[in-house]
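Notes for the one structure printed next.
The values are calculated or read from the model by the stated rules, or taken from the named source; none is laboratory data. A quick note: this is a predicted structure, and the numbers were derived from the prediction, not measured. Cβ: placed from backbone, ideal geometry, glycine included. Neighbour counts: every protein chain shown. For accessibility, only protein heavy atoms count, side chains too; no ligands or nucleic acids. Shrake-Rupley method; radii C 1.70, N 1.55, O 1.52, S 1.80 Å.
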Amino acid sequence: MKYFALVDCNNFFVSCERVFRPDLNNRPVVVLSNNDACVIARSNEAKALGVKMGEPMFKTSGYLKSKNVVLCSSNYELYGDMSMRVMTLLKQFAPDIEVYSIDEAFLNLSGLDKTHDLLEYGKKISEFTTRSTGIPVSIGIAPTKTLAKLCNNYSKKNPKTAGVSLWKDKVYFNNLYDTHEELLKNTDIGDVWGIGRKLKDFLNSHNIYNVSDFVRQDREWVRKSMKISTERTWRELHGDACIGLENHDEAKKQICTSRSFGKTITDIDNLSDAISFFASRSSHKLRAQNSLAKSMILFFRVSDKGGFYESFRSTKQIHFPVATDSTFEIIHYAMKELQQFHQEGTIYKKAGVIITEIVPNDTVQQDLFDDLDREKHKNLMLVMDKVNDRIGQNTIRVATHAFENEWQMKRRHLSRAYTTDLNEIIDVVI
């Protein structure tokens, strides 16, 4: 029989901070967005204080201070590395896995019900992952992905489940069980995977407030009144598995690297530095997926002098003579275009590079008149990537990207790069 497990890391960003700082356990902690602008993750203790997601810091900083809430700037390098460790461990429990987001993964457990007690198997996954990484997880196991999501939410919100629940003829957890109806009735329709705010409003207007109300509706009415994807959700909630695992490792068709600046910049030198960095990051991602790009676009968010009006601007599409993954070549064309695009007096608040028209690196037709030594570029990129992957990002960089820059994001509460930088590895005193 088909079974899927959804493994979801609890309060993931906060949990990553707590792995290396146990003094944060049982304390209210929030993680802030780029430039420390607003709240993007909360510990359970911060949620209990009423701290809301997306709350801007200029409004809530006083309240957070009065409640001794610990602030952490977002440390995406650390979170990305911890996510990779969690996902690697999960692959030991199921050969077929879909990494759904930085903190969630679906596991295909089909057929395992013949040889394993799936509830015990879920507990084993939870205990091993938490023990090995320090990141607590919640798990929902069910015959469809939508029901697995539903069970996962149930596991996360109900301490009696001890973080793992299984949908079979009943909802089993921790040597206890609830009926399907109890779970469905107590779940708001807006909490179902695939039901957005507009659809929730529509369903509420038809007196459908919880999942039990929804599954009792006639399938024909669901099909005619809503999209085919909603009918698929309805079928999944009835145990009909119609959404399979997806492969998110497929090569991307576009790669974008962008940042909001820590402070506005107006001069071409700082702007060149930022664009060089974004082009370098994009080309590294391009090589990581064994692809080449035929073109790119630079884009900017600019503001007026008073800061009251903002607008987006972009360059025309920049076509490379031959599809490339060379950092040097991509930066060269980016700088050339930037010199033409930049106007004195413009105030830049954000910029980015979009690499597009991406193709596999073994399907490109060469140009007879191309005089660039591409073999040399390829070897240089190999060495550069090896050094940067092993020692740290930007250990080797193109000279147009400075070591000190003014545009970097404000991260006043940034934790150490415990797992991604040898210089910041944790000290152990014996």
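Check off (1) touching a strand residue (DSSP E or B) at 6+ places or on another chain (Cβ under 9 Å); (2) at pLDDT 95 or above for Leu89 and give me the number that stays unchecked.
(1)
Do you know which of the residues in segment 18-50 that are among the small types (Gly, Ala, Ser) and under 21 Å from the mean Cα position of the chain (by Cα) is most open to solvent (accessible area, probe 1.4 Å)?
Ala37
Could you check Asp113 against (1) within 21 Å of Asp96 (Cβ to Cβ); (2) in a helix (DSSP H, G or I); (3) modelled with pLDDT of 95 or more and say which number it fails?
(3)
Can you name the condition, by its number, that Tyr333 falls short on among (1) in contact with a strand residue (DSSP E or B) (Cβ under 8 Å, 6 or more places away or on another chain); (2) of a type in the set (Phe, Trp, Tyr); (3) exposed (fewer than 14 other Cβ atoms within 10 Å of the Cβ)?
(3)
Every residue in segment 243-265 that is basic (Lys, Arg), modelled with pLDDT of 85 or more and either more than 30 Å from Phe308 (Cβ to Cβ) or out of contact with any Lys or Arg (no Cβ under 9 Å at 6 or more places or on another chain) (or both), please.
Matches in segment 243-265: Lys253 only.
Output the residues belonging to segment 387-410 that are more than 25 Å from the chain's Cα centre (by Cα), part of a loop (DSSP other than H, G, I, E, B), aliphatic (A, V, I, L, M) and surrounded by 12 or more Cβ atoms within 10 Å (Cβ to Cβ).
Result: Ile396, Val398, Ala402.
Need the failing condition index for Gln343 against (1) closer than 22 Å to Gln408 by Cα; (2) open to solvent by less than 20 Å² (accessible area, probe 1.4 Å), just the number.
(2)
Results for (1) open to solvent by less than 80 Å² (accessible area, probe 1.4 Å); (2) over 19 Å from Leu150 (Cα atoms), shown as yes or no for each residue.
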{"site": "Trp193", "(1), (2)": "yes, no"}
{"site": "Lys198", "(1), (2)": "no, yes"}
{"site": "Asp218", "(1), (2)": "no, yes"}
{"site": "Met226", "(1), (2)": "yes, yes"}
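Give Met87, Met82 a once-over and let me know the one that is assigned to a helix (DSSP H, G or I), open to solvent by less than 60 Å² (accessible area, probe 1.4 Å) and either touching a residue at least 24 places away in the same chain (Cβ under 8 Å) or on the phi > 0 side of the Ramachandran plot (or both).
None of the other options fit; the residue is Met82.
Among Lys305, Lys336, which is the only one that is within 30 Å of Asp371 (Cα to Cα) and over 32 Å from the mean Cα position of the chain (by Cα)?
Result of the check over Lys305, Lys336: Lys336.
For residues that are under 23 Å from the mean Cα position of the chain (by Cα) and among the basic types (Lys, Arg), scanning just segment 145-165, find the one that is surrounded by the fewest Cβ atoms within 10 Å (Cβ to Cβ).
Lys157
Could you grab me the full set of residues in segment 119-144 that are farther than 16 Å from Met82 by Cβ, open to solvent by 10 Å² or more (accessible area, probe 1.4 Å), in a helix (DSSP H, G or I) and not small (Gly, Ala, Ser)?
Leu119, Glu120, Tyr121, Lys123, Lys124, Glu127
Could you please tell me which pairs satisfy a Cβ distance under 8 Å, a separation of 6+ or placement on different chains, a first residue in segment 396-419 that is without any contact (Cβ under 8 Å) to a residue 24 or more places away in the chain, and a second residue that is open to solvent by less than 40 Å² (accessible area, probe 1.4 Å) and in a loop (DSSP other than H, G, I, E, B)?
none
Look at Arg374 and say whether it is farther than 24 Å from Thr324 by Cα and at pLDDT 85 or above.
Answer is no for this residue.
So, in segment 372-386, of the ones that are acidic (Asp, Glu) and more than 13 Å from Ser283 (Cα to Cα), which residue ends up surrounded by the most Cβ atoms within 10 Å (Cβ to Cβ)?
The residue in question is Asp373.
Please go through segment 94-110 and give me each residue that is assigned to a loop (DSSP other than H, G, I, E, B) and surrounded by 19 or more Cβ atoms within 10 Å (Cβ to Cβ), ordered by number.
Correct list: Ala94, Asp103, Leu109.
Just checking, does segment 357-373 include any residue being closer than 21 Å to Ser314 by Cα and assigned to a strand (DSSP E or B)?
yes
Considering only segment 244-323, give the strands (runs of 3 or more DSSP E) lying wholly within it that have at least 2 residues that are surrounded by 17 or more Cβ atoms within 10 Å (Cβ to Cβ) and touching a helix residue (DSSP H, G or I) at 6+ places or on another chain (Cβ under 9 Å).
Because the criterion is at least 2 residues that are surrounded by 17 or more Cβ atoms within 10 Å (Cβ to Cβ) and touching a helix residue (DSSP H, G or I) at 6+ places or on another chain (Cβ under 9 Å), the strands (runs of 3 or more DSSP E) in segment 244-323 that meet it are 255-265, 291-303.
Tell me, yes or no, whether segment 69-76 has at least one residue that is of a type outside the set (Phe, Trp, Tyr) and part of a helix (DSSP H, G or I).
no
So which residues in segment 269-308 are closer than 18 Å to Ala402 by Cα and polar (S, T, N, Q)?
Asn270, Ser272, Ser276, Ser280, Ser282, Ser283
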